Structures are given as C-alpha cells and as structure tokens.
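Worksheet for the structure shown next.
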Amino acid sequence: MEKMVETANHQHPQGPPPPSLQPLGGARGPLFAPNEQFQHLQYCIHSNPRWVETFILGFQHYIVMLGTTVLIASILVPKMGGSHGDKARVIQTLLFMAGLNTLVQTMIGTRLPTVMSASFAYVIPVLAIINDISDENFATEHQRFLHTMRTIQGSLIVSSFVNIVLGFSRAWGRLTRLFSPVVLIPVICVVGLGLFQRGFPQVANCVQIGLPMLIILVITQYLKRIIHFSHVILERYGLLICIGIVWAFAAILTAAGAYNNVKEETKQNCRTDHSFLISSAPWIKIPYPFQWGTPIFRASHVFGMLGAALVTSAESTGTFFAASRLAGATPPPSHVLNRSIGIQGLGTLLEGIFGSVVGTTASVENVGLLGLTHIGSRRVVQISTAFMIFFSIFGKFGALFASIPLPIFAAIYCVLFGFVAAVGISFMQFANPNSLRNQYVLGLSLFLGISIPQYFVMSTDMNTGHGPIRTGGGWFNDIFNTIFSSPPTVAMIVGTLLDNTLDAKHEVNNRGLPWLIPFHRRNGDSRSDEFYNYPMRLNEYLPTRFI
C-alpha cells in the first residue's frame, strides 16, 4: 500500500511515492508449472523406436547391467573357494536369471521398462554364510565352493517367500499408500546417492581409464549440442561409443605393458586380460535347476537373507517410481506394486532353484539409462533380455563383454546413479517446497538414509559379514545389519514415520497427497490402465485379486 506524507495543512504530498513492496524474490523470473511427464522424452513406455535402433538400445541396456553382475561374482566367488571357471558359470547363471526375471516383470509385473538384476543387498548375508562354512574341512576348494553354493541356494529359496507373501497378500501395497511425495523424494534420491561407493571410489581404482571414461561421458553432452547432425547418435548411443573408445584405450595400455610392474590389485582393475573369463568360460552352457547340487537348508543362514529380501522390496519400489517418471507413465498404483514385489519374490525363488549367488532387484543403473537416452520404451528393455539369455548360454561371447574393466562401469554409474537421484528431486514439485515442516522431514530422511547405512557398511567386516549389531542372537544381528545397511530402506522407514506422524492431518495439502492419492487406487486415474494393464487383454479374464 502506498504511504502518503502530508504537509502542515494536510493538503499536498511531498516527493514521489516509494515503489510498492514485493515479497522477497517474488515474480523476478519465470515460474514453471508442475509437469507429471518429462517433456523431452523421445519414446515413452509404449512407443517404440525402429527395430534396428531397438536392438542397439537393448544391447546397451545389457552392457550397463553387466557391471554389477561381474562385480558381485568377483567379490563372492573367490571367497567361496571358486575358480575362474566357477566365476564364469556364476556370471552366466546371474545373466540367465536376469533375462528371465526382466522379461516376466516387464510383461506381467510392473510393466515398466526396468531390468531385474543381481542385488548387492544379499552380499552381507552371503558373506556371513561363507564365514560360517570356512571352519569346515573339505577335500578341495571346489568342494567348498559347491557346498557354499548349495547353502546359499537353500537360503534364497526360503527368503523368497518374504517378497511373495508381502506382494500377493497386498501388504506391500498397503504400506505404499502411506507414501506422499515428501516420502518418495528421499527414497528415490538415496536409491541413486546411496550407491556412491560404486561410483568414483571405484573409478579411482584405475584412474587411467576410469577418469577418461567419466570425462568423455560428460563431453558427449556438449558435443550433441554443438554438432547438430550427431545429436541423435550421441544421445542414444553415446554410452556405447564411450565404452568402445575407453575399452580400446585400456587394451592398448595393457598390450604396451603399462601394467606389467604394478600391484596385483591394479592389474585386476586396469588390465583387459586379467579377468580370465574368456579362457575359463565354456563355449555353450545352459543353466539348469540345482546345477550345483541339492540345496542345503540351515535356519542360522536364512535370517540374513530374510532381511535382504525386505531390503530389495524397498529398493525396487523406489526404482519403480523413478522408472515411471522416466518412461512417461503415471506413478505405479498399489496393486501394481503388490504384484511386482510378489513376482520379484518368484524371481528370487527361481534364483535359488537355478543356483544364483544372490537374489534379484530392480537395476538402478538401467533406469538412469532411460533418462540419459531419453527413451523409456518397454520394448527396448524386453529386447535386452534376449542379449542376457544369449550371452549367458554362449559363454565365450558373453565373457568378452564381461571382461570390460570395472572402473569403466564405475564411471558410467557416476552419471546414471546421479540421474536417478535427480529424478527423486523432481517429485518436490508436487508438494510444498516452502514448507519448513516438509524441509525437516526431507532433510532428516535424506541425511539418515545415507549416514546410518554408511556407518553400518564401515563397521561391517567384509570377510565375515559381521556388522555393528552383535548381540547373542545371530538371527537378529543378520536381519538388522542387512536392513540398516540399505539407504533406501532407512530413508523409507524414517520418511514414512515422520511424514505420517508430524502434523500429518493438518499438512495434507503441503505433503502433496491430493496429487498422489488418486494414483494409489486401482481406478483413481484412468491413464494408469494404459500403462499397467496386462498384455493381450488378460485383465478381462483374470480375477481382480490377481491384477
């Protein structure tokens, strides 16, 4: 309101009126309305590139998911007494099961373009199993490996029923109905940020190839804006091009003898010929049920796996929400999350039957690839399963790509994990970003979601799998050490508790619930059927409780 200054006779104002006051920062720049879909996606969930492009993009998804598979096998198999040949067969089995689980999940699970891959959540309980068996006597190290694999199989089979029960009993869907955008933000963010140890720390294991890979990946984002005719090529296939360039550079360094007189650990990370996968992998080998022998069931080994199964449910849920944004779909409704977690449990059951070393979860790096390429097509991910299954059967060919040095994958993760974390931040537009109450919930959930798991990881002996919780009950230790080592799980627990108890009833609008609640319901938004209904009109024939 304009303030007037009167003269002595109360007739005339003195001097020009001061300018009207605006709120600090008010209307000084463009305001951007919330968008449920990203505007720069070239292909969404049910739109598809040409077939040639689809196959190349599918191969790119296969290459991206290889890193985690090889890393898990490289960590666990030597500790189990396995040889290079055993490691090659474990990788083949993990790839085979990833192909099957991804195909089932994209067809009748979430129907989102998500790759189902090996989960790091199972590493700690598997290390605990390896440590328990280390005191037993075996005739050969190969016998120790087979016995350990059979024990892991039994534990995976039992733990799979956690996901199966959570999903098909609809319990997981009821939990996700407690989520608001304020909860989704930290959960999705730490799905990416919580994996920071697999980023630059792994790049630093061989900076000669890891750092150039990271730099070239960033440079391609500038080149596609400078060189206009190469925009589509660099945007869609830039990752493959970068891998080819740096992999060739690593091969040249290896052949030139750059790593002949270095530590063994440096050779493992830098040399292209030091994985021994190509020489040890069989030409043709089809994974089959109980290939390592009859599963061994021990109650003392199951509990850690039960905790890992809970963790993968939380991790996959955050990844599914990120994938829905990057595929141009609506947030997955509760009934879709129910069936996806249930089917994930069936996938872990198959992992145990076929003899995988760990269970399954949604691959974060492949979701980040959706955003990097601007292509969220479901068909592309389904085609990638053909490469997973083919290269798992024809081992020599698969071993060629599995021998890519891990620091190259670590550089890729720096970009893709960061992309997923940024997608989580984009959910802030659906809540009130100026609410200090929301800022409190977000800040505490984000910080504890990273800080608590980091403490548990740093306090865990990676040789024995023993974490900081060490009570008299081994089962209690295994479950809670596994749960609190997972950033998405901790963020989900803290965020859900705070958001639903701290002024929850009075902050409904600020929390963004009016936007998200319709997506929780089966018929809350008519667009959801377009993305999540079963293929081939199966919805018309299946009872409602199964869809």
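The values are calculated or read from the model by the stated rules, or taken from the named source; none is laboratory data. Computed from a prediction, not measured in an experiment: that's the story for all the values here. With ideal geometry, Cβ positions are generated from the backbone for all residues, glycine too; neighbour counts draw on all protein chains shown. What goes into the accessible areas is simple: the full protein's heavy atoms, side chains included, and nothing from ligands, DNA or RNA. Shrake-Rupley method; radii C 1.70, N 1.55, O 1.52, S 1.80 Å.
Tabulated data for the structure shown
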read-out	value
Filter result for Ile353 (modelled with pLDDT of 95 or more, closer than 20 Å to Asn163 by Cα and touching a Ser or Thr at 6+ places or on another chain (Cβ under 9 Å))	no
Considering residues of region 401-429 that are aromatic (Phe, Trp, Tyr) and open to solvent by 20 Å² or more (accessible area, probe 1.4 Å) only, the residue farthest from Val70 (Cα to Cα)	Phe419
Long-range neighbours under 7 Å by Cβ, at least six apart or interchain, first residue open to solvent by 30 Å² or more (accessible area, probe 1.4 Å) within region 461-478, second at pLDDT 85 or above and assigned to a loop (DSSP other than H, G, I, E, B)	Pro468/Ser459
Pairs with Cβ under 6 Å, 6+ apart, first in region 221-243 and closer than 26 Å to Met65 by Cβ, second of a type in the set (Asp, Glu) and open to solvent by less than 60 Å² (accessible area, probe 1.4 Å)	Lys224/Glu235
Cross-chain or 6+ apart pairs with Cβ under 9 Å, region 27-42 first and assigned to a loop (DSSP other than H, G, I, E, B), then among the aromatic types (Phe, Trp, Tyr)	Pro34/Phe430; Pro34/Trp515; Glu36/Phe430; Glu36/Trp515
Selected residue (criterion: nearest to Met305 (Cα to Cα)) from residues of region 164-199 that are within 17 Å of the chain's Cα centre (by Cα) and of a type outside the set (A, V, I, L, M)	Gly194
Count of residues meeting criterion [open to solvent by less than 10 Å² (accessible area, probe 1.4 Å) and either of a type in the set (Lys, Arg) or closer than 26 Å to Leu369 by Cα (or both)] in region 71-87	2
Unique residue being assigned to a helix (DSSP H, G or I) and either touching a helix residue (DSSP H, G or I) at 6+ places or on another chain (Cβ under 8 Å) or modelled with pLDDT of 90 or more (or both) when the list is Thr489, Thr464, Thr471, Thr501	Thr489
Residue within region 168-188 that is within 29 Å of Leu71 (Cβ to Cβ), open to solvent by 10 Å² or more (accessible area, probe 1.4 Å) and among the hydroxyl-bearing types (Ser, Thr, Tyr) present	no
Residue count for region 266-276, restricted to those that are modelled with pLDDT of 85 or more and either closer than 15 Å to Ala399 by Cα or open to solvent by 90 Å² or more (accessible area, probe 1.4 Å) (or both)	3
